[in-house]
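Every number in this text was worked out from the coordinates using simple rules, so none of it is lab data. Note that the structure is predicted; figures quoted are calculated from it, not measured. In this analysis, Cβ positions are derived from the backbone assuming ideal geometry, glycine residues included, and neighbour counts consider all displayed protein chains.
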Amino acid sequence: MTMPFTYLMRVRYSECDPQNVVFNARYADYTDIAATEFMRAIWGDYKNILAQGIDTQVVNLNISWKGSARFDDVLALEVFTQRTGNTSFTLSTTVRNHATGNELASAEVVYVMVSCPDYVKQPIPDNLRETLEAGAPSVVVNHAGV
């Protein structure tokens, strides 16, 4: 089985709450960072997308928690394209403890392609659609230092 695109990161102290676990809203941040790195892997520099007069906007974000991450844990965020529509696409992210492989959370984010600067929905260009559907299997972006 091919490994999905994976973003490795380390939990910082400031991301934890008084319960000594990662504060729940941080998982949205983690998901966004991993999605940005996924898009960079398939589309290159995001400025290239903006130069085409298009951008993406989040229109729906759902997160389900299954466990807790703690300070200094290394997390592996696996990202893949779940669905590609005419003007929107859905990225799924699984957050795992890198050391144990245990799933801590999962997220689905729906993005809409929009024009710049008026932010009107636009069809996803064919070249971007192809790379979304192909994904970035086996690509690992390591910001955890492991």
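What size of dipole, in debye to the nearest 20, comes out for the chain about its Cα centre when the only charges are +1 on Lys and Arg C-beta atoms and -1 on Asp and Glu C-beta atoms? If you can, show how the numbers build up before the last one.
Details: 11 positive and 16 negative charges, 29 e Å.
Computed about the Cα centre, the dipole is about 140 debye.
Tell me, what is the Rg over Rh of the chain, with Rh the Kirkwood radius over Cα pairs?
Values: Rg = 15.7 Å, Rh = 15.8 Å.
For the chain, the value is 0.99.
Less than 5 angstrom separates the built amide H of residue 142 from those of 8, all sequence-distant by 5 or more or on a different chain.
Can you put 36, 100 in order of Cβ neighbours within 10 angstrom, beginning with the fewest? Don't jump to the answer; show the numbers that get you there.
Working: 36 14, 100 10.
Least crowded to most crowded, the residues run 100, 36.
Using only DSSP helix segments of four residues or longer, with each worth -39500 (n - 2.57), what per-residue ellipticity at 222 nm results for the chain after dividing by its residue count and rounding to 500?
-7000 deg cm²/dmol
Computed from backbone phi, the HN-Hα couplings of the stretch 7-17 come to 10, 9, 9, 10, 5, 9, 4, 5, 8, 9, 9 Hz, rounded to whole numbers (Karplus: 6.51 cos²θ - 1.76 cosθ + 1.60, θ = phi - 60°; Gly and Pro given as x). Phi-derived couplings, Karplus 6.51 cos²θ - 1.76 cosθ + 1.60 at θ = phi - 60°, listed residue by residue for the stretch 78-89: 9, 10, 8, 7, 8, 8, 10, x, 6, 10, 10, 8 Hz, with x used for Gly and Pro. Here the residues 55, 118, 17, ranked from fewest to most Cβ neighbours within 10 Å of their Cβ, fall in the order 118, 17, 55. Of 19, 63, 50, which is farthest along the charge dipole of the chain in the positive direction, counting Lys and Arg as +1 and Asp and Glu as -1 at C-beta? Working it through, the farthest residue towards the positive pole turns out to be 19. Count Lys and Arg as plus one, Asp and Glu as minus one, and take only other residues whose Cβ is under 13 Å from that of residue 81; the net charge is then -2. Ranked for footprinting exposure by Cβ neighbours inside 10 Å, fewest first, 111, 46, 13 give 13, 46, 111. In order along the stretch 59-76, the phi-based Karplus estimate (6.51 cos²θ - 1.76 cosθ + 1.60, θ = phi - 60°) of 3J(HN,Hα) comes to 10, 7, 9, 10, 10, 10, 9, 10, x, 10, 9, 10, 3, 6, 5, 9, 10, 10 Hz; Gly and Pro are listed as x.
Taking the longest Cα principal axis of the chain as reference, the axis of helix 26-43 is set at about 50 degrees.
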